[in-house]
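As structure tokens, the structure follows; a few thoughts come after it.
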Amino acid sequence: MSGAVGREPVFPTRQSLGLMKSKLKGAEIGHSLLKRKSEALTKRFREITRRIDEAKQKMGRVMQIAAFSLAEVSYAVGGDIGYQIQESAKQARFRVRAKQENVSGVFLPQFESYTEEGVNDFGLTGLGKGGQQIQRCRETYARAVETLVELASLQTAFLILDEVIKVVNRRVNAIEHVIIPRTENTIKYINSELDELDREEFYRLKKVSGKKQRDVAQADAEILAARQKAAEKEAENDAPATAAPSTEETEAPDVLGEQEDTDVIF
Amino acid sequence: MEGLFFNVNAGYVEGIVRGYRNSLLTGQNYSNLTQCETIDDVKLQLGPAYGDFLAALPPNPSTSALAGKMTDKLVAEFRYLTAQSTGSTAKFLEYLTYGYMIDNIALLITGTLHERDTRELLERCHPLGWFETLPVLCVATNIEELYNSVLIETPLAAYFKSSLSHQDLDELNIEIVRNTLFKNYLEDFYNFINTHPDFSGPTQDVMSEILQFEADRRSINITLNSFGTELSKPERRKLYPEFGKLYPEGSLMLSRAEDVEGVALAVSANADYKSFFDAVGLNQGGGLGGMGGGPADGKSLEDLFYQKEMEMSKLVFTRQFTPAVVYAWMKLKEQEIRNVTWISECIAQNQKERIGNFISVF
Amino acid sequence: MASAATYKDRQFLAVIGDEDSVTGLLLAGVGHVTDGPDSQRNFLVVDGKTETSEIERTFQNFTQERKDIAIILINQHIAERIRHTVDTFTDPFPAILEIPSKDHPYDPEKDSVLKRVRRLFGE
């Protein structure tokens, strides 16, 4: 697991540990939010899917009725009006406008049909005969097209939602399976590194303090020894007792003296 | 007297038409047709009447293909009649085709106006309205050329010349052009029937009646269909044929009518039309406005007109020594094609509940 | 996600269908022919003679080039002829709607969108 996911390239410091911890927290909150969003969208999606299914069935019926009303027209007119209709079409009377509906932050388009008033390309079609049937047929078809527009809205919503849900789910999965484990891993890594550092530090301190103790002990021993020597010398003869400090004194200036010499030379 | 020499020239044609009339579908045939489950069954039922013409259809043909083949038979029979007729009868038959020619030319005008390739339109033309020089009209690329070719090449020149200029073709709605032409055609036909010496007698009687009815029907329809459109009353009035039972008082009232009640009032002088309006009630107004599903009782004004036309056509066969039987037969045949189309449409689209909405007179 | 600009000016419906379907839909008033010398129609009548490549071209024109079309209505049996193109077009705009025609009743099995629905729910 840890090998597959890896970790973030960070320095194992306390600061980055803090960053990672807040990142993990953020990821968890984001995950639950996205999950909820995805659920809401999926709910909506299922609803739309159901409605599409219904609407498609309805469309079948509606279109059949409409086709039948066209049959009535050809019965009444007694001929083919197709070509004439195609040629007299100029301005769309039946148009749609799109508006948006906000579902959990996703803008779904909603087609809304409206009729452009004052546009009537076929007003005189069937003037001699069949005009009433044509009129009725137009109304039937207009209603059919309204159903189609409704269906088109649903379908577009379906496609967009499908896309969005995929994206959201991908994010949810990414957070759940990549970002969170990775952040956790990083935290684990930082923790272990920090612990390691702690241990090293502790050990070092221990070593240092051990050395110090040793040094102190040695120094003490030396002082003790020196004192013992001095005492011994004092005990042996009085002269060396005064000579001993003088040698010590001369030793220190001796070093200084050398430095002074070099200084003098330069 | 009129029957004395009729058979010399037109006896054969009349005989043939009477034979054709007998092959029209009867009520029995129709009730068989309505029992059909598929278009193939319909085809089978039509077998005796249409024979070879339906043989080329694929299994389960579309209704339009079926109607096309039926029309082919009508056309073939009509062409045979034309080939057999001479003199005034031939002229009479020619007049019958003018109505279809008007439709065809209106089609070509539409195509030319929109700068389409009009050759493609030729196959959409009604075969009965076909005349030899029709393809010549396709050469025209603009409306003025077309107008000139129409004047030169077609028998319809007279109808154009008197009331339409080539600018009109450009500016007026094609439906107005079509109806103007039709009006001129009806008037000319009416005039022809009433002035030609060969037709005094039965032809004049029956054809006058039929044409008057046709003229009235157009006037009424135009009035009804013009409500709510940009067609002004004076323009509308110009489209009324100037004869018929409603002319002149009824036409005048029609031209002033503003709603269905006005139309009903205008035609109330005529018992037949009044009864039509009573039968459908004034709910036709609703029909124009917002009634979607068709009249509840299944009969619209238009259906009643067709019904009346069919009855008149049927009665024509009680007369002898007249080419009017050809007209009647054609109308009956056309109605038959419409009926069969309707029935097969109902079958194809599974809308059996309205399958009985056809008009059968035999 | 669709930004406002992509669909605000989409206000027309386009039709690719057989003659009857187109006639009916035009009667409803969806037909629109643009002005100018290169006037474009927003509908195509497909009959037995129409080449598949032409349908495809029109489809591409409606989907890619024209920016004023919100919904494309296409007869299902015609969509079937250019199924691959229809299937690969997944943009939300314009919406592609497969409609039944008179002679070809609606078959949900073939619908691009419904196929996706089915696939999604693992049916």
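The values are calculated or read from the model by the stated rules, or taken from the named source; none is laboratory data. This one's a predicted model, so the numbers in the text were calculated from it and none came from an experiment. Cβ coordinates were reconstructed from backbone atoms using ideal geometry, including for glycine residues, and neighbour counts include every protein chain displayed. Remember, those area values only see protein heavy atoms, side chains included, never the ligands or the DNA or RNA. Shrake-Rupley method; radii C 1.70, N 1.55, O 1.52, S 1.80 Å.
Out of the residues in segment B:16-38 that are more than 30 Å from B:Thr89 (Cα to Cα) and under 26 Å from the mean Cα position of the chain (by Cα), state the one that is surrounded by the most Cβ atoms within 10 Å (Cβ to Cβ).
B:Leu33
Of the residues A:Asn191, A:Asn185, A:Asn173, only one is among the polar types (S, T, N, Q), touching a Ser or Thr at 6+ places or on another chain (Cβ under 9 Å) and part of a helix (DSSP H, G or I); which?
The conditions single out A:Asn185.
Restricting attention to segment A:87-145, and to residues there that are over 24 Å from B:Thr110 (Cα atoms) and acidic (Asp, Glu), which single residue is modelled with the highest pLDDT?
Across segment A:87-145, the extreme among qualifying residues is A:Glu139.
From the list C:Gln64, C:Gln60, exactly one residue is more than 9 Å from chain A (Cβ to nearest Cβ), within 23 Å of A:Gln110 (Cα to Cα) and either acidic (Asp, Glu) or assigned to a helix (DSSP H, G or I) (or both). Which is it?
Within the list C:Gln64, C:Gln60, the selection yields C:Gln64.
In segment A:146-159, how many are at the interface with chain C (Cβ under 7 Å from one of its Cβ atoms) and open to solvent by 10 Å² or more (accessible area, probe 1.4 Å)?
1
Check B:Arg124 against each of (1) open to solvent by 40 Å² or more (accessible area, probe 1.4 Å); (2) farther than 23 Å from B:Lys331 by Cβ; (3) within 11 Å of chain A (Cβ to nearest Cβ) and name the one condition it does not meet.
Tallying (1) open to solvent by 40 Å² or more (accessible area, probe 1.4 Å); (2) farther than 23 Å from B:Lys331 by Cβ; (3) within 11 Å of chain A (Cβ to nearest Cβ), B:Arg124 fails exactly one: (2).
Looking only at residues that are of a type outside the set (Val, Ile, Thr) and modelled with pLDDT under 90 in segment B:318-333, which one is nearest to A:Val77 (Cα to Cα)?
Restricting to residues being of a type outside the set (Val, Ile, Thr) and modelled with pLDDT under 90, the top hit is B:Ala324.
Quick one: is A:Ile29 open to solvent by 60 Å² or more (accessible area, probe 1.4 Å) and either within 22 Å of B:Tyr306 (Cβ to Cβ) or more than 11 Å from chain C (Cβ to nearest Cβ) (or both)?
So A:Ile29 fits the description; yes.
What is the one condition in (1) part of a loop (DSSP other than H, G, I, E, B); (2) within 28 Å of B:Phe5 (Cβ to Cβ) that B:Met312 does not satisfy?
(1)
In the list A:Arg170, A:Arg143, which residue meets the criterion of being charged (D, E, K, R), facing chain C (nearest Cβ under 9 Å) and either surrounded by fewer than 17 Cβ atoms within 10 Å (Cβ to Cβ) or at positive phi (or both)?
A:Arg143
Across segment B:87-120, what is the total count of residues that are of a type in the set (Asp, Glu) and not in a helix (DSSP H, G or I)?
Summing the residues that are of a type in the set (Asp, Glu) and not in a helix (DSSP H, G or I) in segment B:87-120 gives 2.
Please tell me if C:Asp103 is within 12 Å of another protein chain (Cβ to nearest Cβ), part of a loop (DSSP other than H, G, I, E, B), at pLDDT below 85 and within 22 Å of A:Arg138 (Cα to Cα).
Criteria met by C:Asp103.
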